[in-house]
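To start, the structure itself, in structure tokens.
None of the figures in this text is laboratory data; all of them are computed from the coordinates on show. Since we're looking at a predicted model, the values are computed, not measured. Reconstructed Cβ throughout: ideal geometry from the backbone, glycine too, with neighbour counts over all protein chains shown.
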Amino acid sequence: MKKNKLNSYNSQHFLAYILIAPAVIYLLCIVGWPLIETFRLSFTNSSIAGEDYVGFENYEKLLSSSKFSKIAIRTFVWTFFSVLLKLIIGMIGAVLLNASLRGRSFFRILVLPPWVVPIAIGALGWMWVYNGHFGILSGIGIRLGILDGPFSFLAYKNSAFIATMVTDIWVGVPFVTLFFLAGMQAIPRDLYEAAYCDGAGRFSRWYHITLPQLTPVIITMSLISAVSTFVSFDIIYILTEGGPRGATTTLIIDTYKMALGNYKFGKGSARAVMIVIMISTFAIAYFYLLSRINKKVSHG
Amino acid sequence: MDRYSLPLKIFLYLSIAVFFIFILLPFVEMFYASLRPLKHIFRSPYQFYSDDLSFWAYREMWNTVPLLGRYIFNSFFMAITVTFFTLLFVIPAAYSYARFNFPFKQGSLWVLLAVNMFSGAVLLIPLFKLLRYFDLLNTYFAMIVPGIAFCIPTSIWLLKAYFEKIPVELEEAAYCDGASRMDILFRIIAPLSTPGIAVTAIYAFIQAYAQQFLFAITFNSIREYMPIVSGLTEFIGYQSVKWNEMMAASIVGVFPVLIVFIFLQKYIVEGLTAGAIKN
């Protein structure tokens with residue numbers, strides 16, 4: 001009798017849909033429709049002047065151009081190293097902030113500003129750091145005798161590529177650190193105590209307990225970081241605008257310039273669709289990986 | 001467990017110092033640059049210290065860019081508006097996800113995550129056309145309307161985790177006493193989940209504040225509506241760039257966000273990580 005009452009309490013589908021309807025409708029208008037429209041526009045030569053259906057022309061041009069494949073490869077390299085270093089530095093940061101040292105809770109607050117401050121403003125700070133004449137990096141380099149004179153990090157191809165990457169890492173590290181730290185604190189202490197009694201050293205405890213226990217968090221963070229790094233816009237746009245001579249032009253910067261710099265909506269949309277396809281591939285790979293790990297865990 | 005030996009302790013503190021030099025370097029540089037007189041900034045080679053540092057730029061910046069106060073106001077106004085509407089959409093939706101079982105529930109939750117993955121930049125072209133069609137380009141709405149959409153998905157996930165922690169028995173008791181669903185949501189759930197709603201609000205605010213740059217440079221060209229992040233470019237003049245004032249204005253612009261954040265950081269950290277770690 002009581003059970004029936006509970007069931008009826010929990011099965012009001014209608015009310016459930018009413019409650020989520022406003023959010024869903026809003027998202028359908030602002031995200032769903034634009035997504036479909038991007039696909040449609042990618043088959044046209046849409047611009048400010050008007051649009052005509054052109055079939056696969058935009059894609060054919062895109063995929064046959066060596067410039068586009070260069071940009072795509074550059075984006076992958078940039079994303080790969082940025083994410084890898086975010087994970088490594090985030091892990092080091094989490095281990096350090098997890099150590100039972102005095103000032104630990106203060107350090108945990110201090111790590112977050114790069115994430116809280118708008119990226120655009122953080123990037124301005126870095127612009128200053130990288131400046132050849134009055135930036136601190138160049139200043140220290142000259143003092144130490146590594147550099148002969150002022151060196152503008154954003155003015156040369158390789159250094160600009162690395163500099164934008166370092167800034168992106170800087171933006172991402174706090175978030176990764178935070179999640180690794182929370183993951184570490186969720187690991188039962190008796191695991192460590194047992195290992196300690198068996199004579200395992202610090203590194204071996206980290207390698208045999210922390211690392212495997214954190215695997216799901218590491219995978220989640222690598223997906224989230226990969227996606228946000230892949231379409232990272234503000235940093236590159238502010239620091240270099242994709243220069244010098246295209247050395248930091250990633251897919252998203254190229255898309256933006258094509259679509260809203262030149263108002264070539266059709267060509268820009270084809271690029272945006274390529275980005276969507278690539279991101280979706282990441283995501284599918286991620287869910288595949290996650291389900292395999294879950295299986296492993298549940299089968300002991 | 002074994003305790004830290006002294007050399008290990010020193011090593012750990014040194015590593016922490018290096019880590020924080022990386023994290024705080026641009027802020028320190030910014031602050032330092034804001035204190036220097038403009039002539040001194042361009043003095044080469046780099047000087048680590050000089051005796052003519054002052055807070056002069058913090059006063060002068062209001063004269064150089066007369067609309068600076070307006071830009072800071074705009075940033076706050078838009079971020080708060082986005083936060084408000086995000087909560088309006090998210091509270092009922094998150095409650096529904098936390099309490100009901102319905103067809104497509106799990107599926108739609110994944111779709112929400114997917115929305116998160118297409119940052120605004122990918123969808124800018126149709127958004128531009130959409131906003132132009134409704135004549136919203138160059139208004140506050142041009143930055144608010146898309147802003148809300150990209151705050152909704154994560155906010156639903158955050159708040160759902162909070163609602164799930166509130167025991168269903170409380171609601172069932174009220175339900176047996178004849179309270180309606182809406183009564184329950186507003187009289188029982190909402191007061192109990194104030195911390196959760198606060199975390200969600202702070203998340204949405206920070207997110208909204210950060211997003212403004214992209215939307216502002218793309219959808220708005222009217223100075224009066226600029227947020228601080230794009231208004232800063234006005235320190236770049238025809239003759240010279242007033243770097244020290246630009247840095248001072250950046251610091252003033254983010255200061256309130258930092259203060260709010262520092263006071264509430266404990267809740268944010270718990271709220272953000274709770275959902276992810278549980279799985």
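Footprinting exposure proxy ranking of A:260, B:109, A:144, B:158, fewest other C-beta atoms within 10 angstrom first, gives A:144, B:109, A:260, B:158. For the protein assembly as shown, the calculated P(r) over all alpha carbon pairs, in 10 Å bins from 0 to the bin holding the longest distance, is 3, 15, 25, 26, 19, 9, 2, 0, 0 percent. Secondary-structure-derived ellipticity at 222 nm for chain B, considering helices only, amounts to -24000 deg cm²/dmol, per-run term -39500 (n - 2.57) for DSSP H runs with n ≥ 4.
Semi-axes of the range B:193-272's equivalent ellipsoid from the Cα gyration tensor, sqrt of 5 times each eigenvalue, largest first, rounded to whole Å?
Working through the eigenvalues yields semi-axes of 31, 16, 8 Å.
For residue B:113 and residue B:190, the FRET efficiency from 1/(1 + (r/R0)^6), where r spans their Cβ atoms and R0 equals 25 Å, is about 0.45.
Using θ = phi - 60° in the Karplus curve 6.51 cos²θ - 1.76 cosθ + 1.60, the 3J(HN,Hα) couplings for the range A:52-69 round to 9, 6, 10, x, 8, 3, 4, 5, 4, 4, 4, 6, 8, 8, 6, 5, 5, 5 Hz; x is entered for Gly and Pro. The ranking of A:13, A:133 by Cβ neighbour count inside 10 Å, starting from the fewest, reads A:13, A:133. Remark on residue A:44: its backbone amide H falls under 5 Å from those of A:54, a criterion applied only to residues 5 or more positions apart or on other chains, H modelled at 1.01 Å from N.
Using a cutoff of 8 angstrom between alpha carbon atoms and counting only pairs six or more residues apart, the relative contact order for the range A:58-298 works out to 26 percent. Take each residue in B:204-216, count the other chain C-beta atoms within 10 Å of its C-beta, and the mean is 3. Cα centroid separation, the range A:242-285 to the range A:35-82: 7 Å. The ranking of A:33, B:110, B:157, A:128 from fewest to most other beta carbons within 10 Å of each one's beta carbon is B:110, A:33, B:157, A:128. Give me the inter-chain shielding for B:171-178: mean count of other chain Cβ atoms within 10 Å, whole number please. So the per-residue partner count for this stretch is 1. Modelled spin labels at residue A:262 and residue B:263, positioned 7 Å past Cα toward Cβ, are 5.0 nm from each other. What is the log10 of I(q)/I(0) for the range B:170-227, computed with the Debye formula using one identical point scatterer on each Cα and no solvent, at q = 0.16 Å⁻¹? Summing over Cα pairs of the range B:170-227 leads to -0.65.
Across the range A:217-233, rounded Karplus estimates of 3J(HN,Hα) from the backbone phi angles (6.51 cos²θ - 1.76 cosθ + 1.60, θ = phi - 60°) give 5, 4, 5, 4, 5, 5, 5, 4, 5, 4, 5, 6, 6, 4, 10, 5, 10 Hz, Gly and Pro being marked x.
When N is the residue count of the range B:65-278, what does its C-alpha Rg come to as a fraction of 2.2 N^0.38 Å?
Working: Rg = 20.0 Å, N = 214, 2.2 N^0.38 = 16.9 Å.
Computed over Cα atoms of the range B:65-278, the ratio equals 1.18.
Based on the Cα gyration tensor of the range B:92-200, what are the three equivalent ellipsoid semi-axes, each the root of five times an eigenvalue, rounded to whole Å and given largest first? The three semi-axes for the range B:92-200 are 34, 16, 12 Å. Here the Karplus curve 6.51 cos²θ - 1.76 cosθ + 1.60, taken at θ = phi - 60°, turns the phi angles of the range B:215-223 into couplings of 5, 5, 6, 8, 10, 9, 10, 9, 4 Hz, with x standing for Gly and Pro. Could you pull out every residue, at least 5 positions away or on a different chain, whose amide H is within less than 5 Å of the one on residue A:243? Hs are placed 1.01 Å off N in the peptide plane, and Pro or chain starts have none. Residues meeting the amide H criterion: A:248.
Counting only other chains, and only Cβ atoms inside 10 Å, what mean value do you get across the residues of B:185-191?
0
Across q = 0.10, 0.17 Å⁻¹, chain A modelled as identical point scatterers on its alpha-carbon atoms has Debye log10 I(q)/I(0) values of -0.79, -1.37, in the order of the q list.
As a quick test, which of the pairs A:67/A:264; B:39/B:242; A:267/B:129; A:70/A:264 have an alpha carbon distance above 19 angstrom in this structure? From the list (A:67/A:264; B:39/B:242; A:267/B:129; A:70/A:264), the Cα-Cα distance tops 19 Å for A:70/A:264. Cα centroids of the range A:164-239 and the range B:176-198: 36 Å apart. Could you state the number of Å between the C-alpha centres of the range B:53-112 and the range B:1-32? Taking the Cα centre of each part, the range B:1-32 and the range B:53-112 sit 33 Å apart.
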